[in-house]
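Structure first, commentary second.
Read the figures in this text as sums done on the coordinates, not as results from a lab. For clarity, every value in this text was computed on a predicted model and none was experimentally measured. Backbone-built Cβ (ideal geometry, glycine too); neighbour counts: all protein chains shown.
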Amino acid sequence: MKNALKLFLIISAVFMLLFVFSCSSSRDIAVSMKYREPLESGTSLTLLAGAAKADITPPPGLPMAGFSIFSDDGRGFRSKVMARVFYLKPAIGRPVALVQCDLLSGSVILHHRVAELVAAKTDVEAGGIMISATHTHSAPGNFFGNMFYNNKASNRPGFDDRYFDFLSRQIADAVVRAYETRKPAKIATGKTVIKGVARNRSLPAYQHNANIASLDEKPDVREAVNPYLHLIRIDCRDSDGNYKPLGAFTSFSLHPNTNPSELGSVYHGDIFSYSERKVEWKIRRHYNLPWEAVHAAANGSHGDNNPDYSEDRVENFQDLEKCGDIIAAGVFDLFVSLDDKLKNDAVIQYRARELDLFTENTIGDIKIADRPVVGLATLAGAQGRGRSTFLSWVPFVAPGWPRWIFTDGPQGYKRHAAGPLQPLILPKDEFPHILFLQVIQIDDTVLLPLPFEVTYEMGNRIEAQALKAGRRAGVQGVRQYVVTGVSNGYFGYVTTPEEYSLQYYEGGSNLYGPNTGNFLAEHMEQLLVGMVVDGSGSSLPKEWVFNMEACSRYPEVKTPKGKRASLGAPTYHQKEEREEPYWSFAFYDVPAHLIEMHRKLAGVEVSDDGRVWESLTIDDVEIDDSGNSISITRQDENTEENMATYEVKWHKPCDSRGRLFRFAIYPRGGQGMLYSESFSM
């Protein structure tokens, strides 16, 4: 008895360490917004489309979401975190805006603010906006619509109202630009198989599914993954009358969960940042485009599908790029294969609604918990990648230690972290409960955006039920239903009931119990029926109020007293076993709040004679901080002059002997261009 009590106290202490930490300077604020009717959607002779990108990279110093207290504050960036938008409008009917962000997830409060901001300038209605994410763990958090994930997902708690405002404006501006640049368009859809990049991190739970357990030969870790990449290609008519690629929206299931502290604590889009940019560059070069291509890469049913890294070491950016290259190659080949399949009369429609799970937790005979609960298995962390914590081996906490006897309660086999103390530690009203759901049809593809990390098999079941429901309801011409995870909000995980019953990390993090997936599938079925009967539209409240504990991590506003300057000649760093070679340059510059990392800050210039300089391009791609080869970090601060020291690195520099290079640092805070000394390979 004493040992059992001791174990309970230890686990409760760990639970409190992980989940009970607060911001000492928090402010209680009410974030309110209204549902606003957009501009009238007129009719046109054909499909219309537009695209835009927005840089959502914050200044250094913001917490990064995905690893809770084990994460870190961002020191700068390796690849800028971006938002990408496609505006699509049928000839007759309402448009949709597909928004993809290099973030951990979408956010319901972010969705509603963006909808409010764009209503007066576009014809996009709130229900037609989808904000999805790549699920990178190396981008800021603290912008969620609930305090549970504002406090628990990042290394520092609180709702960051300043980043939320910045994020909302940047995305809204991109939606408006996509609308304003709309042109006659054609689209095509397709899917392909991507192999060699994923493995199932919770294989025993996956193999416990009834349809898998009955197989004579069960899938192994590399087979128990979602291999399908879905693509929507968009082309627009140029001024010369010809249709040319605008870009692609893709969905692929992969869980990019690199711990930022292992890669220099910099913001970056993880694996997806490589596939996004490389597809954009390939499309622009292959088709000789007069504009930038846009590749919006969303995530799918990735909940238990980790990158297939080696188990015996920590990954680096070369590992991320290797996976990104495989995905990019598959995307580009599929994109080109659709050259002769484009059409301008595709069906585009949507349906959306919103639920409060605290009061609307039943549909038909399916009921989910009316109080969310964190499971003990959550404390041990996710499996895979050769890592574990000491809790991964502790009885009752370790993965695969459910309750031995099923309870009729809504949480089933889940062992509650901290037992009966959990409601005292985690108030119910902090948990996510405002659930925004939608379905979006783009020609023969129906997107099923869900604010969850959906496991592979649960995704299969939701898609299969949607397919049957769509046929019964009379949805025309649809071949594929695609779960698009971590969209429009964040509720943690959703698993199958069988996976839940084993209580691996994913099941322990399934907050609303084993019926959650079936509950979601039923609601998606209802939305599909509503879309057929009533067409595009939504059933949403007229206004929202989110009560938040705000605690901004934005840098303090300071008046710079010094002048930007070089801190020495660039230096070369040889390739080491696990690192890339790079040139680095340190410089003195304005304080962090003025450095504006969401605008172009650094690039590389080249010269043959040291007198005439031009921007360096490789394969028609300019070498600057919009790609993956330039990183910028803040090193330290000078409090007397209100200035800071920064370092820019050019990773994997080209081997071009006989030419001169230099770093170019663009103006900031009223201070002009800064150039490094020249250097050569």
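What dipole magnitude, in Debye to the nearest 20, does the chain give about its Cα centre under +1 on Lys/Arg Cβ and -1 on Asp/Glu Cβ?
440 debye
If packing is taken as the mean number of other Cβ atoms within 10 Å per residue, what is the order of 36-49, 437-450, 275-288, highest first?
Answer by packing, highest mean first, reads 437-450, 275-288, 36-49.
Sketch the reach of a paramagnetic label on Ser337 as a point 7 Å from Cα along Cα-to-Cβ, and name the residues of region 273-296 whose backbone nitrogen lies under 16 Å away.
none
Quick one: which of 637-645, 170-178, 494-502 comes out on top by average Cβ neighbours within 10 Å, and what's the full order, highest first?
By packing density, highest mean first, the sequence is 494-502, 170-178, 637-645.
In a solvent-free Debye calculation with one equal scatterer on each Cα, what is log10 I(q)/I(0) for region 249-355 at q = 0.11, 0.15, 0.23 Å⁻¹, listed in the order of the q values?
Scattering profile of region 249-355, log10 relative to I(0): -0.46, -0.78, -1.30.
Of His208, His255, how do they rank once you tally other Cβ atoms within 10 Å and put the fewest first?
His208, His255
Leu421 to Gln480: extension gain in nm, 0.36 nm per residue of separation minus the Cα-Cα distance?
Taking Leu421 through Gln480 to full extension adds about 16.8 nm, to one decimal.
With a cut-off of at most 15 other beta carbons within 10 Å, and DSSP calling the residue loop, which GluC sites (Glu not before Pro) in region 168-249 qualify? Please list them.
Passing both the DSSP loop test and the Cβ count: Glu217, Glu223.
Which of the lysines could a cross-linker bridge to Lys152, judged by Cα under 22 Å and excluding same-chain residues fewer than eight apart?
By straight Cα distance, Lys152 reaches Lys414, Lys428.
Once the Cβ-Cβ distance between Asp429 and Tyr572 is put in as r, and R0 is 41 Å, what FRET efficiency do you end up with, to the nearest 0.05?
0.15
I'd like the Kirkwood hydrodynamic radius of region 565-675, using the inverse of the mean 1/r over distinct C-alpha pairs, in Å.
Result for region 565-675 stands at 14.8 Å.
Loop-only check: which GluC sites (Glu not before Pro) in region 303-342 are DSSP coil with at most 10 other Cβ within 10 angstrom?
Taking region 303-342 and a limit of 10 other Cβ atoms within 10 Å, the loop GluC sites (Glu not before Pro) found are Glu311.
Roughly how many nanometres apart are two label points built 7 Å out from the Cα toward the Cβ at His286 and Gln635?
So the label points at His286 and Gln635 sit 4.2 nm apart.
Could you derive backbone 3J(HN,Hα) for region 457-464 from the dihedral phi with the Karplus parameters 6.51, -1.76 and 1.60 (θ = phi - 60°), listing whole Hz in sequence and x where the residue is Gly or Pro?
5, 5, x, 4, 6, 5, 5, 5
So what's the projected area for the chain, the Cα convex hull averaged over all directions, in nm²?
Orientation-averaged projected area of the Cα hull: 31.2 nm².
So if R0 is 51 Å, what FRET efficiency would Thr359 and Asp608 give, r being the distance between their Cβ atoms, rounded to the nearest 0.05?
The computed FRET efficiency comes out at 0.15.
Full extension from Lys600 to Glu580: what is 0.36 nm times the residue separation minus their Cα-Cα distance, to one decimal in nm?
Length gained, Lys600 through Glu580: 4.9 nm.
I'd like the FRET efficiency for Glu223 and Gln318, computed as 1/(1 + (r/R0)^6) with the beta carbon distance as r and R0 of 30 Å, rounded to 0.05.
Calculated transfer efficiency: 0.70.
Please go through region 553-631 and write out the trypsin sites (Lys or Arg not before Pro) that DSSP classes as loop and that have at most 13 other C-beta atoms within 10 Å.
Lys561, Lys563, Lys575, Arg578, Arg599, Arg611
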